[in-house]
Every structure is written in C-alpha cells, then in structure tokens.
1. Filter the range 158-173 down to residues that are free of Cβ contacts under 8 Å to residues at least 12 places away in the same chain and either in a strand (DSSP E or B) or aromatic (Phe, Trp, Tyr) (or both) and give me whichever is surrounded by the most Cβ atoms within 10 Å (Cβ to Cβ).
2. Run His149 past the list (1) of a type outside the set (D, E, K, R); (2) in a helix (DSSP H, G or I); (3) without any contact (Cβ under 8 Å) to a residue 40 or more places away in the chain; (4) more than 21 Å from Asp229 (Cα to Cα) and report the number of the one that doesn't hold.
3. Take the residues in the range 76-85 that are assigned to a strand (DSSP E or B) and among the charged types (D, E, K, R), then tell me which one is surrounded by the fewest Cβ atoms within 10 Å (Cβ to Cβ).
4. Among (1) closer than 19 Å to Thr170 by Cα; (2) part of a helix (DSSP H, G or I); (3) not basic (Lys, Arg), which single condition is Ile227 missing?
5. Name the single residue, out of those in the range 132-157 being of a type in the set (A, V, I, L, M) and under 18 Å from Thr170 (Cβ atoms), that is surrounded by the fewest Cβ atoms within 10 Å (Cβ to Cβ).
6. Do the conditions hold for Leu57, that is, is it crowded, with 16+ Cβ neighbours inside 10 Å and outside any helix (DSSP H, G or I)?
7. Return the total of residues in the range 185-216 being of a type in the set (A, V, I, L, M, F, W, C), over 20 Å from Ala139 (Cβ atoms) and surrounded by 19 or more Cβ atoms within 10 Å (Cβ to Cβ).
8. From the list Gly35, Gly73, which residue is modelled with pLDDT of 50 or more and outside any helix (DSSP H, G or I)?
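The values are calculated or read from the model by the stated rules, or taken from the named source; none is laboratory data. All figures in this text were calculated on a predicted structure; none of them were measured in a lab. Cβ placement follows ideal geometry from the backbone for every residue including glycine, while neighbour counts extend to all protein chains displayed.
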Amino acid sequence: MLCQVITVITGQSSYLGLFWGMSKWLATLTGETQGKLLRLLRRSRQTITGLAEAVGLTDNAVRLHISALRRDGFVEDVGTMRDTGGKPARLYGLSREGEELFPKAYAQVLQALVEESMRRDGRERTVELLRAIGSRLAASAPRAGDVKHRVQAAAAALRGLGADVDIQRTSEGWRLRGYGCPLAAVSAETPEVCELAKALVEEITGAAVTECCERGEGDNPRCAFAIAD
C-alpha cells in the first residue's frame, strides 16, 4: 500500500511543485537569517558561537535572533556544552513548534490516500472511513448541555483542527460558518474529506447536520454546516 501511495504522489507533478514551492515559506515567515538558524538547529543542537560561525554573524547578533525565536516558542534550551575551554556554553535546539514550521507533506499524502482509497474501495467505503475518523476526533469533546452548548463545543473542535468558524443562529437551528478550511489543500479537489468534519459536528452535537461548504471555482474553500435544533 505504501509503495502505491508513493507512486500516486510522485506521479502528480502538481503535488511536487507545491511541495518544493513551499521551501521559501520558512524564510518568508521568519526572515532569511532566522530561517537559516532554524535549519541549522533542525540538523543538530548548536551554541550561539557555532551558529554565528555558520551564518557569518557576530555572537550578539545571533543571540538577538535566538532570543526572538525562543520567545515565539520555536527554539528551546536543550543543555550545555562543557568542553569549550572556558565557561560552559548553552545549547539550543528546535522545539516541536519549530519543527512544524517546516513544509510537511500532510496534504499531499492525505489527498493521495483518499484518491487511492476511492480507486480501490469506491467512494462509499472511502466516505465511511473518513466519517469514522471524524467521529474518533470528536471523542474527547464535551457533550453536556443544550444544543447551543454542543454547537459551541463543535465549533471549538473545528478551531482545534485549524478552522476559523463563527456560530450563527438561523430560523431552522444553527450554522457554523467558516472563513477558510483546515483541509483546503485537499477539499478543493477531493470534497469527500468534508465528510470527516461533518461527522465530527454530528457526533458532538447529536443533531442532524447538513454540509454546505463553499467550494466555488477560483475561491478558497470555506467550511459551513447547518445544524438542526
């Protein structure tokens, strides 16, 4: 199965173009110098002096950059180096949040998996699988209270996945309106993945849910779910 997924991914030049195009993302987000420092720390733990030598800056300049990256949670203290011939030097490393700054193949792999599943098992079985994943993601969400509180809990769960959603009261119940989509890189081409989020909302609210996501041509996908009272 893994070999088949790799074949699917490597056979899609658009996926590879997207992945390599993201290589400039880190420098755009943090600045060129901080991007270089993060890449060095991703390879190994480093001292200020070691980083300064690698990027051609003074220790003080690098220390300012590292302080900013520590403040943002991307870099952390990981120990000391004692064999420096003098005062022990502090070692820095990439934090888990820092690692997440680097491009990941999550979207490409997910889309390839969904497409491969539909090819092998059909759309119905694939949707069943996606809905099962959505229900599983909802397992830890609170279910207490009235419909309003459960809708709020569903909105919080979607936000936890990266969605930006508002709660709206309607004449027929409630509506979760999204501004963007946490699965936008996949849902635009494979709308079946929206069933995952729909099942999550159904599981938490215990109500009938209608998926009404916006996927207009040329527009970024937006999540939307109508929830009956």
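1. Taking the range 158-173 and keeping what is free of Cβ contacts under 8 Å to residues at least 12 places away in the same chain, we get 159-160, 168-169, 171.
Filter once more, so that each one left must be either in a strand (DSSP E or B) or aromatic (Phe, Trp, Tyr) (or both): 168-169.
Values: Gln168: 13, Arg169: 11.
If we take residues in the range 158-173 being free of Cβ contacts under 8 Å to residues at least 12 places away in the same chain and either in a strand (DSSP E or B) or aromatic (Phe, Trp, Tyr) (or both), then Gln168 is surrounded by the most Cβ atoms within 10 Å (Cβ to Cβ).
2. (4)
3. Quick first cut of the range 76-85, residues assigned to a strand (DSSP E or B) only: 76-81.
Restricting the remaining residues to those that are among the charged types (D, E, K, R) gives 76-77.
Details: Glu76: 16, Asp77: 13.
Once the filter is applied, the top-ranked residue is Asp77.
4. That leaves (2) as the condition not met.
5. Filtering the range 132-157 down to residues of a type in the set (A, V, I, L, M) leaves 132-133, 137-139, 141, 144, 147, 151, 153-157.
This time we only want the ones that are under 18 Å from Thr170 (Cβ atoms), so: 147, 151, 154-155.
Details: Val147: 15, Val151: 25, Ala154: 28, Ala155: 22.
Checking each candidate, the answer is Val147.
6. Working: crowded, with 16+ Cβ neighbours inside 10 Å: yes; outside any helix (DSSP H, G or I): yes.
In short, yes.
7. Qualifying residue count for the region: 1.
8. Values: Gly35 fails: outside any helix (DSSP H, G or I).
That would be Gly73, the only listed residue that is modelled with pLDDT of 50 or more and outside any helix (DSSP H, G or I).
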